[in-house]
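Working notes, structure below.
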Amino acid sequence: MLDFEKDLSVLDQRIDELKQLSEQGEADFSAEIENLAAKQRQIAKRVYADLTPWQTVQVARHPQRPVLRDWIGLLFSDFIELHGDRCFGDDAAIIGGFATLENRRLMLIGHQKGKNVDENMERNFGMARPEGYRKALRLMKLAEKFSLPVVCFIDTPGAYPGMDAEARGQAEAIANNILEMSTLKTPILVLVTGEGGSGGALGIGVGDTILMMQHAIYSVISPEGCASILWRDGNRASDAAAALKLTAASLMELRLVDEIVPEPPGGAHRNDEATAASIRTVLLEHLKRLTRIPVSKLITRRFDKYAKIGQPL
Amino acid sequence: MGWFSKKKKASPDPTKSKDVFVQCSRCHAHIFLEEWKEQVKVCPRCNFHDRLSARERLDLLIDAGSFHELGKDIRPGDPLLFADARGSYAEKAEAARAKTGMNEAVLAGHGRLNKLHTAIAIMDFRFLGGSLGGSTGEKILMTTEYAAGHKLPCIIVSASGGARMHEGMVSLMQMAKTCAGVARLRQRNLPLISVMTDPTTGGVSASYAMVGDFHLAEPGALIGFAGRRVIEQTIKQKLPDDFQTAEYLQEHGFIDCIVQRTELKSLLHSLLVYCGCS
Ligand SMILES: [Zn+2]
């Protein structure tokens, strides 16, 4: 639980107690429960309207925040996971496959974090190795071949900084994905759901439209890493988080993100179904729009979109 | 020993005429300045390749008088109005300009290499560690676009610690911007030769430096994605000494040729000839 969530969790407990009592037939507490819930919504709204960048980082990394597997269950049907890079192995930190959103078939690719220690060991905390990026590219090429749009869900602290990953060419794998995505002949829709960690995020993050969840972050370096280099003090992460302009709102202002997907008060982890509903609406709207654009035009636009980032005034 | 022990490392100031020797920062041998210059800052004893400035590299590779610079006046932007505990990014960029006489961490343009026309971008590590900012990416893209537009080959000499944190996500997006430029060279069957010099790491290694048709590297150059310290902290063990060297990368299949600096120009020329450039 995060510091600024304390009031909310006290109310959670109180509501749970009353619900239990109600169920045991002690008395009818429904009026009081509704009262507390309303109060809780109010607090959540107030607290979450005013998160600092560092608090946003904590929400984006919240241990209860839905991960890709959750989103697949909440949003997509007929998911067929496709495994392996056909070269070295199958990275569990990036998963992908065919999926259907309402009646739209697409290729879904994303980082997979865990929600407990075991899952995180299996998923390497969502930190992919080269074979993960190469699997992702293989699936994107399939999507191109069969004229399906690609949807990428981004949620990673970064590419895995390990000896094996370097030996197998982490830099080359990411670079090649970025290059190939810039000219992939099918629409690419990117949604940053949690943590957008630097090159590890961009390795599956180049697209026609970049969306970001309201409380997601996207940064060139972790606030902790930036603080330890530029502030020479890892504890100044909150200062670094503010300076890096890594929130969805800041990145909208910088025009690096095209649209923010709103989250319910209290964040995605307090109401995953409402969050999924707002994701669905936004994804469908953009898929509808992007699939109508002729591919050659799409690729020219994609080039122009990136070419103008960081252009001198 | 006093008269030369003052020199701590290589790269002497040429204006100080009394510097007759240079001390190699790897093997600590004392090298005659004349010989040092002749070897283009390569130690004749241990083959240490000291870093070159972009201008020095240009003089090494491009025929005298043939270079036309692109984007000379492009300077770093400050999209985040970034400041940390030690001052503002704007001040740091200004200090880098004063120190190097360059406006950005890359020298871009076109010229002739043994008479062959080529577009070329050369990074300079002295300018904010060769970091990849918005204007750095702009000049790389300018170079690839010039090559694409004029049907020229493209050479990129990298020297970079990676992304420029002070520009936040604008910096990260330069990886996509520059690779989009490289993709256009591929579409036109124009060769890209990536020359990786010490160091080529982080966001530069994970973008245009690693998507060339040919990957050349200087002996001993540090090349890799993640930093050594970060990896050691993650895996909680010491890394071997040769980890992330040019030789290590070649052994693992990511470098075509490791090339002596004095032979770099002639190798580039031969490759361009094989690619049908004239
Ligand atoms: Zn030496």
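The values are calculated or read from the model by the stated rules, or taken from the named source; none is laboratory data. None of the values given here were measured: they were computed from a predicted structure. Cβ sites come from the backbone with ideal geometry, for glycine too, and all protein chains shown count toward neighbours.
Is it fair to say residue B:136 is more than 7 Å from every other protein chain (Cβ to nearest Cβ), within 30 Å of residue A:243 (Cβ to Cβ) and of a type in the set (S, T, N, Q)?
On the way: more than 7 Å from every other protein chain (Cβ to nearest Cβ): yes; within 30 Å of residue A:243 (Cβ to Cβ): yes; of a type in the set (S, T, N, Q): yes.
Yes; evaluated as a whole, the condition is true for this residue.
Has region A:21-33 got at least one residue that is part of a helix (DSSP H, G or I), at pLDDT below 95 and either assigned by TED's automatic domain parsing to the domain that holds residue A:193 or surrounded by 18 or more Cβ atoms within 10 Å (Cβ to Cβ) (or both)?
As a first pass, look at region A:21-33 and keep what is part of a helix (DSSP H, G or I): A:21-23, A:30-33.
Pick out the ones that are also at pLDDT below 95 and you get A:21-23, A:30-33.
Next cut, either assigned by TED's automatic domain parsing to the domain that holds residue A:193 or surrounded by 18 or more Cβ atoms within 10 Å (Cβ to Cβ) (or both) only: A:33.
Yes.
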Worksheet item: What tally of residues in region B:187-212 results from selecting those that are at the interface with chain A (Cβ under 8 Å from one of its Cβ atoms) and in a helix (DSSP H, G or I)?
Response: 7
Worksheet item: On the given criteria, is residue B:90 surrounded by fewer than 17 Cβ atoms within 10 Å (Cβ to Cβ) and either away from the ligand (no atom under 16 Å from the Cβ) or at pLDDT 95 or above (or both)?
Response: yes
Worksheet item: From the set of residues in region B:250-262 that are under 17 Å from the mean Cα position of the chain (by Cα) and part of a helix (DSSP H, G or I), which is nearest to residue B:220 (Cα to Cα)?
Response: B:261
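Scan region A:211-228 residue by residue and report those that are within 23 Å of residue B:132 (Cβ to Cβ) and assigned to a strand (DSSP E or B). If you could, list the steps in order and put the result at the bottom.
Let us first name the residues in region A:211-228 that are within 23 Å of residue B:132 (Cβ to Cβ), namely A:212, A:217-228.
Within region A:211-228, A:212, A:217, A:218, A:219 meet the criteria.
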Worksheet item: Do we have any residue at all in region A:153-174 that's surrounded by 22 or more Cβ atoms within 10 Å (Cβ to Cβ), of a type in the set (Asp, Glu) and within 8 Å of chain B (Cβ to nearest Cβ)?
Response: yes
Discussion item. Please go through region B:213-236 and give me each residue that is more than 8 Å from every other protein chain (Cβ to nearest Cβ), over 24 Å from residue B:46 (Cα atoms) and surrounded by 18 or more Cβ atoms within 10 Å (Cβ to Cβ), ordered by number.
Written reply: B:213, B:214
Discussion item. I need a count of the residues in region A:260-294 that are surrounded by fewer than 16 Cβ atoms within 10 Å (Cβ to Cβ) and either touching a His at 6+ places or on another chain (Cβ under 7 Å) or within 14 Å of another protein chain (Cβ to nearest Cβ) (or both).
Written reply: 0
Worksheet item: If we scan region A:114-132, do we find a residue that is touching a Lys or Arg at 6+ places or on another chain (Cβ under 8 Å), in a loop (DSSP other than H, G, I, E, B), closer than 26 Å to residue A:58 by Cα and of a type in the set (Gly, Ala, Ser)?
Response: yes
Worksheet, complete the sentence: Flagged in region A:179-202 as more than 30 Å from residue A:64 (Cα to Cα) and facing another protein chain (nearest Cβ under 9 Å), in numbering order, are A:179, A:180, A:181, A:182, A:183
Response to the item:
Filter region B:237-269 for residues that are of a type in the set (D, E, K, R) and away from every other protein chain (no Cβ under 11 Å); the one that is farthest from residue B:155 (Cα to Cα) is B:241
Worksheet item: What is the number of the single condition among (1) closer than 19 Å to residue A:199 by Cβ; (2) without any contact (Cβ under 8 Å) to a residue 24 or more places away in the chain; (3) aliphatic (A, V, I, L, M); (4) not in a helix (DSSP H, G or I) that residue B:223 does not meet?
Response: (2)
Worksheet item: If you scan region B:23-73, which residues turn out to be near the ligand (Cβ under 9 Å from one of its atoms) and surrounded by fewer than 17 Cβ atoms within 10 Å (Cβ to Cβ)?
Response: B:25, B:26, B:27, B:28, B:29, B:44, B:45, B:46, B:47
Worksheet, complete the sentence: Of the listed residues (B:96, B:105, B:119), the one being more than 14 Å from every other protein chain (Cβ to nearest Cβ), aliphatic (A, V, I, L, M) and crowded, with 24+ Cβ neighbours inside 10 Å is B:119
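Scanning region A:237-253 for residues that are of a type outside the set (Gly, Ala, Ser) and within 15 Å of residue B:89 (Cβ to Cβ), which turns out surrounded by the fewest Cβ atoms within 10 Å (Cβ to Cβ)?
Taking region A:237-253 as the starting set, the residues that turn out to be of a type outside the set (Gly, Ala, Ser) are A:239, A:244-247, A:251-253.
With within 15 Å of residue B:89 (Cβ to Cβ) added as a condition, the list becomes A:239, A:244-245.
Values: A:239: 20, A:244: 29, A:245: 23.
Filtering region A:237-253 for residues that are of a type outside the set (Gly, Ala, Ser) and within 15 Å of residue B:89 (Cβ to Cβ), the one surrounded by the fewest Cβ atoms within 10 Å (Cβ to Cβ) comes out as A:239.
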Worksheet item: Looking only at strands (runs of 3 or more DSSP E) that fall completely inside region B:15-83, which ones have 1 or more residues that are not assigned by TED's automatic domain parsing to the domain that holds residue B:126?
Response: B:21-23, B:30-32
